[in-house]
Amino acid sequence: QVQLVESGGGLVQAGGSLRLSCAASGRTFTRSSMGWFRQAPGKEREMLAAIGWSGGSTYYRGSVKGRFTISRDNAKNTVFLQMNSLKPEDTAVYYCAASKFEFSSTSTEYNYWGQGTQVTVSS
């Protein structure tokens, strides 16, 4: 079992940056692929990025590639999402999630979820 707590959300102007953190607890973190997702009002949840347990494998959704960077610190059981050049359409609740697989870019393979953190980008 993995417990996840996100932080770092907030209000930022378009073009600005935010860094989200996800603190994990549970014995399986270091062998878990970690992902970041978001859900905007009235829209389906979408997968943004994923990182394998060693950090050597990553996945990015096309719309965030080049602007967002996922990373992890296994010693601190934390995964990060650095978000640059933010746009109003990035406004959503952002979630981190853990998979039972060592690396996965498939959203349905993520089974453990945090409570989410709100990101609002003003124009």
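The values are calculated or read from the model by the stated rules, or taken from the named source; none is laboratory data. Here the structure is a predicted model, which is why all the values come from computation and not from measurement. Heads up, the Cβs are rebuilt from the backbone with ideal geometry, glycines too, and the neighbour counts pull from every protein chain shown. The accessibility values were calculated without ligands, DNA or RNA, using every heavy atom of the protein model including side chains. Shrake-Rupley method; radii C 1.70, N 1.55, O 1.52, S 1.80 Å.
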Residue that is least open to solvent (accessible area, probe 1.4 Å) [pool: residues in the range 31-44 that are out of contact with any strand residue (DSSP E or B) (no Cβ under 7 Å at 6 or more places or on another chain) and in a loop (DSSP other than H, G, I, E, B)]: GLY42
Within the bounds of the range 45-59, is there any residue that is assigned to a strand (DSSP E or B), open to solvent by less than 50 Å² (accessible area, probe 1.4 Å), of a type in the set (D, E, K, R) and free of Cβ contacts under 8 Å to residues at least 12 places away in the same chain? no
Against the conditions (1) open to solvent by less than 10 Å² (accessible area, probe 1.4 Å); (2) within 19 Å of SER32 (Cα to Cα); (3) in a strand (DSSP E or B); (4) not charged (D, E, K, R), where does SER104 fall short? Just the number, please. (3)
Hey, GLU89 touching a Phe, Trp or Tyr at 6+ places or on another chain (Cβ under 9 Å) and either open to solvent by 60 Å² or more (accessible area, probe 1.4 Å) or assigned to a loop (DSSP other than H, G, I, E, B) (or both) or not: no
When the range 1-30 is examined, which residues are found to be part of a strand (DSSP E or B), open to solvent by less than 60 Å² (accessible area, probe 1.4 Å) and more than 21 Å from GLN82 (Cβ to Cβ)? SER25
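Within the range 107-123, can you find the residues that are part of a strand (DSSP E or B) and surrounded by fewer than 18 Cβ atoms within 10 Å (Cβ to Cβ)?
Looking only at the range 107-123, we keep the residues that are part of a strand (DSSP E or B), and these are 110-113, 117-122.
Result: ASN111, TRP113, GLN118, THR120, SER122.
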